[in-house]
Amino acid sequence: MYSRLLLALGYLSAPFAGPGAAVITAAGWLAYGAETRKPTFSGIGLVGLLGVAGILAGYYGSGLQGLVGAGGVLLLLYHVLGIAALWLLGIKGNNAPLKAAAMLLAVSWLLAVSSTGSVHDATAAASGSVVDWGGVSWANAAAQSLIDKLGGTAAIAKLLAAAGAVLASIGFIAMGSTSTGVSREETIFSLGTY
């Protein structure tokens, strides 16, 4: 239960708390994995905490500047794994807010990446500059005019990320209120005894 509260608080504070929200959500995933005895979720939390620790050690530790890059890569990996975990929990628990949060956060990440122009570079590198991999660069160029009319990719990405964070928080709170420790099958069988 405490892990879901940590996750709800962490995702709700994500648009405002920055690295602090990453620490809270990573601790929430670590605790959730321990509570549910699922090491995958604990591993996601551990990746996030190691990423934050690497960045902080690199910035503030003497002679540890090389850890900044490694910590940054781990923290980016953590965010991607967190989106996948939200989707997995949403599908497994039929939790619509968690599924919607995962989709909004994923689209937000795609928009954030496309706004930097790195999508074209990444697809060109992945395909050996022979072909546009999956049409991603082509779709990015086609969507750019509409995106600009709506305020630009950065503004849309921030809005989607904030909406996704709020929905994730709602999803974890709803998950906590619906799971009372009694399975649906136990409820059905107990009703049949009356």
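The values are calculated or read from the model by the stated rules, or taken from the named source; none is laboratory data. What you see is a predicted model; the values in this text were computed from it and never measured. Note: ideal-geometry Cβ built from the backbone for every residue, glycine included; neighbour counts use all protein chains shown. Note: accessible area is taken over every heavy atom of the protein model, side chains too, but ligands, DNA and RNA are not part of it. Shrake-Rupley method; radii C 1.70, N 1.55, O 1.52, S 1.80 Å.
Rolling a 1.4 Å probe over the protein heavy atoms gives region 2-101 an accessible area of 52 Å² per residue.
Heavy-atom accessible surface of VAL23, to the nearest 10 Å², is about 60 Å², with a 1.4 Å probe and all protein chains retained. Enclosing the Cα atoms of region 1-83 in their convex hull gives a volume equal to 81 cubic angstrom per residue. Taking a straight Cα-Cα cut-off under 27 Å and skipping sequence neighbours fewer than 8 places away in the same chain, the lysines within cross-link reach of LYS92 are LYS38. Highest mean packing comes first when the peptides 94-104, 54-64 are listed by Cβ atoms within 10 Å, giving 94-104, 54-64.
When all alpha-carbon pairs of region 68-108 are counted, what percent fall beyond 11 Å? Of the Cα pairs, 60 percent sit more than 11 Å apart.
Peptide packing: for 24-36, 81-93, the average count of neighbouring Cβ atoms within 10 Å per residue gives the ranking 24-36, 81-93, highest mean first. Taking the average, over residues, of other Cβ atoms within 10 Å as the packing measure, peptides 69-75, 160-166 rank 160-166, 69-75 from highest down.
Could you pull out every one of the lysines with an alpha carbon less than 26 Å from that of LYS158, ignoring same-chain neighbours closer than 8 positions? Leaving aside lysines fewer than 8 places away in the same chain, those within reach of LYS158 are LYS99, LYS149.
Model label points for LYS158 and SER62, set 7 angstrom from Cα along the Cα-to-Cβ axis, are 3.9 nm apart. When the solvent-accessible area of region 1-103 is split by element, carbon and sulfur atoms take up 75 percent of it, the probe being 1.4 Å.
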